[in-house]
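Notes follow once the structure below has been shown.
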Amino acid sequence: MSVLVENDGGVALVTIDRQDALNALNVETLTELRDRLRELAADDTARVVVLTGAGEKAFVAGADIKYMGGLDPAQAKGWGALGHEAAWLLEEMPKPTIAAINGFALGGGCELALGCDIRFASTRARLGQPEIDLGIVPGWGGTQRLARVCGLGVAKELILTGRMIDANEALRIGLVSAVADPVVHHALGVARKLAEKSPLALRVAKLLLNLSPGALDREAEEFGDLFASADAKEGLAAFAEKRPPQFTGK
Ligand code: COA
């Protein structure tokens, strides 16, 4: 089991644990995460959900790049849909969700954090959407949610450069609301306060805050289509082979 759920007094702590790959999400781990989030969405005893990564180094270092290297466009669309569902559950479940970003939150890891209602980071956290350096694009909501959270200008700069940022910069651009160590304690403290509020009012507040349009379907479509390109194959293979990619525009 690589996704652990502990429910304590109405606060559910979800820990993603695949530490040998910096908690990168493969099909098994992502499916397990999606299933646990579905259960928590329907579980009235869980009033608030906190998401974190196991170990000292990573929240989630992204989707599993080695797995993605073998996907064709149809498979990539299915993979994108699974990630979208997990992020959507975090965003839409009728209770607050909080990301406790304890290390690397890259690519799909940053996108899962963006699906959460609130984000906190440890001083060691590193965040970013580095997909461009793999010859692909964010495919689990990043192109829409990063722009909604930080503004279009910041989102364009981060997604087009693929640059990684530290916790202080994340705080400055509004990607996280606070930097604290240990971040999971800080997140659980806030979660316990939320668990004392009216669940009905929290549900409606979240529903209203989420009433803004996006283009998540278009993102899912374009993400899958890119897997037909030589550049995506090259970018994904280069990571596994530990060498810089050579992009040709094909
Ligand atoms: N998918 C698959 N495996 C990953 C991974 C990912 N997203 N991120 C890290 N890993 C694996 C590494 O391949 C390595 O495995 P190995 O020991 O079998 O080679 C292990 O996790 C440890 O990572 P390593 O790169 O050795 O750690 P580091 O501290 O030198 O670097 C990162 C950390 C996060 C900077 C680096 O791992 C990285 O760039 N990861 C990819 C991030 C990314 O592009 N994510 C977006 C994907 S859409």
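The values are calculated or read from the model by the stated rules, or taken from the named source; none is laboratory data. Here the structure is a predicted model, which means the values were calculated and not measured. So basically every Cβ, Gly included, is an ideal-geometry build from the backbone, and we count neighbours across all protein chains shown.
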- prompt: Does region 18-30 hold any residues that are buried (at least 16 other Cβ atoms within 10 Å of the Cβ) and within 23 Å of D43 (Cβ to Cβ), and which are they?
  reply: L25, T29, L30
query: Got at least one residue in region 171-187 being within 11 Å of the ligand (Cβ to nearest atom) and over 30 Å from D72 (Cβ atoms)?
result: no
- request: Look through A42, A58, A24 and report the one residue that is over 21 Å from F227 (Cα atoms), touching a residue at least 12 places away in the same chain (Cβ under 8 Å) and not β-branched (V, I, T).
  value: A58
message: With the structure loaded, tell me whether I65 is touching a strand residue (DSSP E or B) at 6+ places or on another chain (Cβ under 7 Å), within 16 Å of the ligand (Cβ to nearest atom) and β-branched (V, I, T) or whether it fails that test.
response: no
- line: Cβ pairs under 7 Å, 6+ apart or interchain, first in region 198-222 and closer than 16 Å to K77 by Cβ, second surrounded by 10 or more Cβ atoms within 10 Å (Cβ to Cβ) and among the hydroxyl-bearing types (S, T, Y), ordered by first then second residue, are E219/T143
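Is it the case that some residue within region 31-41 is modelled with pLDDT of 95 or more, farther than 21 Å from F120 by Cβ, of a type in the set (S, T, Y) and crowded, with 17+ Cβ neighbours inside 10 Å?
Checking region 31-41: not a single residue is modelled with pLDDT of 95 or more, farther than 21 Å from F120 by Cβ, of a type in the set (S, T, Y) and crowded, with 17+ Cβ neighbours inside 10 Å.
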query: What are the residue pairs meeting all of these: first residue in region 121-134, first residue at pLDDT 95 or above and of a type in the set (A, V, I, L, M, F, W, C), second residue near the ligand (Cβ under 10 Å from one of its atoms) and part of a loop (DSSP other than H, G, I, E, B), Cβ atoms under 8 Å, and 6 or more apart or on different chains?
result: A125/G103; L127/M164; I132/G162
message: Condition (residue is within 16 Å of the ligand (Cβ to nearest atom), at pLDDT 95 or above, under 26 Å from G55 (Cβ atoms) and in contact with a helix residue (DSSP H, G or I) (Cβ under 6 Å, 6 or more places away or on another chain)) applied to region 144-153: is it met by at least one residue?
response: yes
task: Identify all residues within region 180-235 that are in contact with a helix residue (DSSP H, G or I) (Cβ under 9 Å, 6 or more places away or on another chain), of a type in the set (D, E, K, R) and closer than 26 Å to T52 by Cβ; write none if there are none.
output: K206, E219
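Each row is one residue, and each column tells you yes or no for (1) among the acidic types (D, E); (2) more than 18 Å from the chain's Cα centre (by Cα); (3) within 20 Å of V60 (Cβ to Cβ).
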residue: I159; (1), (2), (3): no, no, yes
residue: H186; (1), (2), (3): no, yes, yes
residue: L200; (1), (2), (3): no, yes, no
residue: L207; (1), (2), (3): no, yes, no
residue: F247; (1), (2), (3): no, yes, no
- prompt: Is it the case that A74 is over 14 Å from L25 (Cα atoms), among the hydrophobic types (A, V, I, L, M, F, W, C), buried (at least 24 other Cβ atoms within 10 Å of the Cβ) and touching a residue at least 60 places away in the same chain (Cβ under 8 Å)?
  reply: no
- line: Of the residues in region 48-62, those that are out of contact with any strand residue (DSSP E or B) (no Cβ under 7 Å at 6 or more places or on another chain) and surrounded by 22 or more Cβ atoms within 10 Å (Cβ to Cβ) number 0
field: Odd one out for V154, checked against (1) touching a Gly at 6+ places or on another chain (Cβ under 9 Å); (2) outside any helix (DSSP H, G or I); (3) more than 27 Å from R203 (Cβ to Cβ)
entry: (2)
- prompt: Within region 108-134, how many residues turn out to be away from the ligand (no atom under 11 Å from the Cβ) and part of a loop (DSSP other than H, G, I, E, B)?
  reply: 6
Of all residues making up region 200-250, the number that are within 13 Å of the ligand (Cβ to nearest atom), touching an Asp or Glu at 6+ places or on another chain (Cβ under 7 Å) and either in a helix (DSSP H, G or I) or among the β-branched types (V, I, T) (or both): 2
